[in-house]
Structure formats: C-alpha cells, structure tokens
Amino acid sequence: MEDYLFDLRGYLILKNAIEPQLLDALNAEFDQFPRDLPMGGWYKGAQRRDYNPATGMELHHCLEIGGPFEELIDNPSWLAYVQKYAGEQGTYVEGLFIDECITSQRTSGGFHGLHSGRYKGALRGKYLYENGQFTCGQVNILMALTDIGEGDGATTIIPGSHKSNLPLPHPREYGGEGGKTDGLPECAIEAQLKKGDALLFVDGVMHGGSNRTNPGERRVVIYRYGPSWGRTRYGYEYSPELLNRLTPQRRAILEPVPPCRPGDDFIPVEAPAVARRAREAAAK
Ligand SMILES: O=C(O)CCC(=O)C(=O)O
C-alpha cells in the first residue's frame, strides 16, 4: 500500500518517525542557534543560507553540528524507503548520498512558494518507476520538531504532480516564481504533522510551505537523499572530522565513494553495496 500511495501521490507521512529522546535533543540544539546569525554566517560548521527572504532562518549543512543530527542519517524509520526509492538498488551504483541537509525555523509571515513538479523539472528531482523499480533523483525527509497544524505553515503538496504534464496555472498566486501566497490551489493539500512525524516526498512533486500565521515558530529538519553518485547542491563538503567520527553505515551515506586523487596509493572501490557484493562473491 505504501509503494502504491507513494507512486500515486508522490509523498508519504511517516508517523512517530523520530523517538522522543532524539526529538528533545534536536530541539535543544535549535534552542542554541544564534537567532541573529547573519546570512552567510557560520555556526558549528553549518551556514545560514535562507532559500529566500520569506522562508526564514535556514542553516545549511547542519550535519556538521553533529550529535543528534548524525543520528538522523540512517534513521530506521525512513532508511529502507529512501534506499528503495532513490538508492538505485540492484545497479552498479547502488547506494545513497545526502545532498542537502538543513534546519528551518519559520515564524509568522513566513512561507515557501510552490515550486517543482514534473513539468520542465530538473533530472535531479525526477520521479521514475520502470521495470518494477523506483529510480527517483531525490527523496526528501522533512522532520517536524514542532506540531504543524492549521496556521503553522505546513508543507503543501500537489499530489500526483510528480507525473503531471502541464504547468500549474498562475503559480505566482501561490507564492511560486517569487509571488506572494494567501491561499492554495484546490488541488493542493497541507501535510499537517505532529512533532516527531516525517514527511517523505519526491522532490519532483510540486511542493512548498504554506503561510505561517500563528505566533511561535515552526521547526523542521530536511535531509535530501539521492543516489550514491550525487553531489551537494551548493558545493558544501562534509569535513574529515565529521566523516571520521561516523559509523561505517553513516559514513557510506555521506561519502559513498571515497575520493581518489592523482598519485593516491590505492585502487578506488565502487559504491558501498557494489563493493560488498564483490567481496561476498570473492569469499565464496
Ligand atoms: O518549508 C517547507 O515546508 C517546504 C520545504 C521545501 O519547499 C523544500 O524542501 O523544497
């Protein structure tokens, strides 16, 4: 049923995906964020880089902060889904890579205009199901650290738009293409979440964040998973300090294929799952 719904709508809601202790630890990290950090300013290896002035404070590359952010990399609540949907399973490049990881705090007046959709969409966000297999370019996990109900600025999705052939009419009326938004097209839904829930969606589905009108702030973390051969959107690189302290499974998701530079004294290996299969075959 889940695969059917993901294929049909382009998203799934994973209830209680983050256990309460981890949720508390993440919220404690958010409490420490310097709210006056200027655009471009760094905080523990993450950089403030709001997508646009309406989206609110966003720290990119938040995995460098460490601690609870590392535990999210291979969280069992979604790992098998992202492996299946975006991990190129069964191919010579099987594996995952997190190509963007951000924190987002949105206060009253903030929103993220509708964007994406299949029509003229980038290959990076494409949805594809072929030969009995999912091959998505990017699958996002948006984790709610606060309850996100009416007026809280829930993520909006146009279900099925990852397969649509036509553009959304009048996108600027819904905050798209730099417009402002007071409402949503009737084909859109608000993915309201309880804290601890996660929204999984293919980036190729049309989505955005509705107007936050309530006081207080919406807190989310977003990890974008793609295939092992991806690279980060803005050129951020995971530091050796971070990579070296990770478990092998987590490291393989941030550095699926270790770099091999001219003169290096080793023969490079394939993507982790492929290398594992080769080892197993050799051992037989
Ligand atoms: O902030 C949101 O709810 C939507 C996030 C978004 O548009 C994105 O992940 O590209």
* Evaluation of SER239 against (1) within 16 Å of the ligand (Cβ to nearest atom); (2) small (Gly, Ala, Ser); (3) closer than 25 Å to ALA273 by Cα; (4) surrounded by fewer than 18 Cβ atoms within 10 Å (Cβ to Cβ) (one fails), failing number -> (1)
* **Selected residue (only one of LEU79, LEU59 is among the aliphatic types (A, V, I, L, M) and in contact with a Phe, Trp or Tyr (Cβ under 7 Å, 6 or more places away or on another chain))** => LEU59
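Are any of the residues in segment 165-188 at pLDDT 95 or above, in contact with a Leu (Cβ under 8 Å, 6 or more places away or on another chain) and either farther than 21 Å from ARG49 by Cα or of a type outside the set (Asp, Glu) (or both)? If you could, list the steps in order and put the result at the bottom.
First, the residues of segment 165-188 that are at pLDDT 95 or above: 165.
Filter once more, keeping what is in contact with a Leu (Cβ under 8 Å, 6 or more places away or on another chain): none.
No, because not a single residue in segment 165-188 is at pLDDT 95 or above, in contact with a Leu (Cβ under 8 Å, 6 or more places away or on another chain) and either farther than 21 Å from ARG49 by Cα or of a type outside the set (Asp, Glu) (or both).
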* Taking only pairs six or more apart or across chains, which ones have beta-carbon atoms under 6 Å, a first residue in segment 112-137 that is hydrophobic (A, V, I, L, M, F, W, C), and a second residue that is within 12 Å of the ligand (Cβ to nearest atom) and in a loop (DSSP other than H, G, I, E, B)? -> LEU114/GLY175; LEU114/MET206
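Just give me the residues in segment 205-227 being of a type in the set (Gly, Ala, Ser) and either within 11 Å of the ligand (Cβ to nearest atom) or in a strand (DSSP E or B) (or both), in sequence order.
Keep residues of segment 205-227 that are of a type in the set (Gly, Ala, Ser), which gives 208-210, 216, 226.
Within segment 205-227, GLY208, GLY209, SER210, GLY226 qualify.
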* **Looking only at segment 127-179, and only at residues there that are of a type in the set (Val, Ile, Thr) and farther than 30 Å from ASP31 by Cα, the one that is farthest from the ligand (Cβ to nearest atom)** => THR135
* To do: Read through the list (1) over 23 Å from ARG124 (Cβ atoms); (2) polar (S, T, N, Q); (3) surrounded by 12 or more Cβ atoms within 10 Å (Cβ to Cβ), then give the number of the only condition that GLN249 fails.
  => (3)
* Structure fact -> Of the residues in segment 148-198, those that are surrounded by fewer than 14 Cβ atoms within 10 Å (Cβ to Cβ), assigned to a loop (DSSP other than H, G, I, E, B) and acidic (Asp, Glu) number 3
* Structure fact -> (1) small (Gly, Ala, Ser); (2) within 24 Å of GLY67 (Cβ to Cβ); (3) within 15 Å of the ligand (Cβ to nearest atom) all hold for GLY196 apart from (3)
* Answer yes or no as to whether ILE98 is modelled with pLDDT of 95 or more and in contact with a Cys (Cβ under 9 Å, 6 or more places away or on another chain). => no
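The values are calculated or read from the model by the stated rules, or taken from the named source; none is laboratory data. All values derive from a computational prediction rather than experimental measurement. We place every Cβ from the backbone using ideal geometry, glycine too, and count neighbours over all the protein chains shown.
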